[in-house]
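To keep things clear, I will list the structure first and then write my remarks on it.
Since every read-out is calculated from the coordinates, none of them should be taken as a lab result. Just so we're clear, the structure is a prediction, and the values are computed from it rather than from any experiment. No Cβ is skipped: glycine too gets one built from the backbone with ideal geometry, and neighbour counts run over all protein chains shown.
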Amino acid sequence: MSLEQIQQHINQIKTSHQMPNKEFQNTFKLFESYVTSLDKNNQEQLNQVFKALKRFRSRLEIN
């Protein structure tokens, strides 16, 4: 997983889902701000963030 792919995933979530409440909005904002501080060469960190984003997206789809 690359940093660019994570950014694309965030953009997909932003355009395809509405945040159902403030908790989701705040969590999504944290993802957006956190991604800017990621080290594109730290593959383990990128993979962990991507897994967290997938869990977040799953929760969005359930709500």
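Details
- Size of charge dipole - the chain - debye, nearest 20, with Cβ of Lys, Arg +1 and Asp, Glu -1, no other charges: 200
- Most positive-pole-ward Cα, Met19, Met1, Val49, against dipole of region 1-57 from beta carbon charges: Met19
- Our helix-only sum for the chain, with -39,500 (n - 2.57) per DSSP H run of n ≥ 4 divided by its residues, gives a mean residue ellipticity at 222 nm of -25500 deg cm²/dmol.
- When the Gaussian network model of the chain links Cα atoms closer than 10 Å, the mean-square fluctuations of Lys14, Lys22, Lys51 top out at Lys22.
- Nearest 10 degrees, 0 to 90: helix 3-16 Cα axis against the chain principal axis: 10
- Projected onto their three principal axes, the Cα atoms of the chain cover extents of 34, 18, 17 Å, largest first.
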